[in-house]
1. Out of the range 131-166, which residues are β-branched (Val, Ile, Thr) and over 20 Å from the mean Cα position of the chain (by Cα)?
2. ASP117: of a type in the set (Asp, Glu), surrounded by fewer than 21 Cβ atoms within 10 Å (Cβ to Cβ), touching a Phe, Trp or Tyr at 6+ places or on another chain (Cβ under 9 Å) and free of Cβ contacts under 8 Å to residues at least 60 places away in the same chain, yes or no?
3. Report the residue count in the range 58-81 for those that are polar (S, T, N, Q), without any contact (Cβ under 8 Å) to a residue 60 or more places away in the chain and buried (at least 16 other Cβ atoms within 10 Å of the Cβ).
4. Among the candidates ARG7, ARG78, ARG35, ARG14, single out the residue that is among the charged types (D, E, K, R), modelled with pLDDT under 90 and closer than 12 Å to PHE171 by Cα.
5. I'm trying to understand the selection: among the residues of the range 141-193, which are farther than 22 Å from VAL91 by Cα and either of a type in the set (S, T, N, Q) or in contact with a Leu (Cβ under 8 Å, 6 or more places away or on another chain) (or both)?
6. Counting only residues that are more than 30 Å from LEU181 (Cβ to Cβ) and among the basic types (Lys, Arg), which one in the range 80-130 is farthest from the chain's Cα centre (by Cα)?
7. Consider the range 58-74. How many of its residues are part of a helix (DSSP H, G or I) and out of contact with any Leu (no Cβ under 9 Å at 6 or more places or on another chain)?
8. Can you tell me which of (1) at pLDDT below 95; (2) assigned to a helix (DSSP H, G or I) is the one LEU184 doesn't meet?
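The values are calculated or read from the model by the stated rules, or taken from the named source; none is laboratory data. Keep in mind the model is a prediction, meaning the values are calculated, not measured. Here the Cβ is made from the backbone with ideal geometry for all residues, glycine too, and neighbour counts use every protein chain on show.
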Amino acid sequence: MADDKGRNGGIPRREALKVLGSIPAALTASQIEARTADHSHVPAAQIPAGVKVAYKPKFFTEHEWKTVNLLADTIIPRDDRSGSASEAGAVEYIDEYADSQGETLQTQLRGGLMWLDRECGARFDKKFVDCSEEQRKQVLDLIAYPERTKPEFSQATAFFNRFRDLTAAGFYTSKMGIGDLGYLGNRPFDWKGCPDEVLAKLELKKA
């Protein structure tokens, strides 16, 4: 859902990098480190070997949970480089963040999800999750581009852009998302000094 397509039509990488620069302050460095290791949020010592703990939403209802998983995977779909937003645990991040932030964000998210169902119902007599991919695209195209949004869709557009930012923040602070960016972290590097050709161009000599 972006003009400069990336990830098979999902969020473009340059947009993801901008989002990384504005990750909500509530997500501290220690939390980012924890997210790259595991999304179950259950102490490893309490989990039997080989058992994957199912995440239980704290804020979203059962129907909303299905909707946000589908919406997040529309924004960041699986491709040949990595998995989708939901596979990376981005939706768990959104759920926990919404649960911690209170009424303003919760009202925006819940209202936006209701708008999706209402708009899909008016157009196709279906809820968002029951629509075809093309039908969902028709509805999302109404709110995905702020510069082209009609005034009557302004609140829905604000919701979608907030959700897209949260999805990118959740994905690109996960282990999968960091791998997708190709970030290697701090690693030892044997620097040999400035290359000779650069020194020659600057008319300098090695010390």
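1. Residues of the range 131-166 β-branched (Val, Ile, Thr): 139, 143, 149, 157.
Across the range 131-166, the qualifying residue is only THR149.
2. Numbers: of a type in the set (Asp, Glu): yes; surrounded by fewer than 21 Cβ atoms within 10 Å (Cβ to Cβ): yes; touching a Phe, Trp or Tyr at 6+ places or on another chain (Cβ under 9 Å): yes; free of Cβ contacts under 8 Å to residues at least 60 places away in the same chain: yes.
Yes; evaluated as a whole, the condition is true for this residue.
3. Matching residues across the range 58-81 total 1.
4. ARG35 is the lone residue from the list that is among the charged types (D, E, K, R), modelled with pLDDT under 90 and closer than 12 Å to PHE171 by Cα.
5. Listed by number, the residues that qualify are THR149, LYS150, PHE153, SER154, ASN186.
6. Here the answer is ARG123.
7. Number of matching residues: 6.
8. Tallying (1) at pLDDT below 95; (2) assigned to a helix (DSSP H, G or I), LEU184 fails exactly one: (2).
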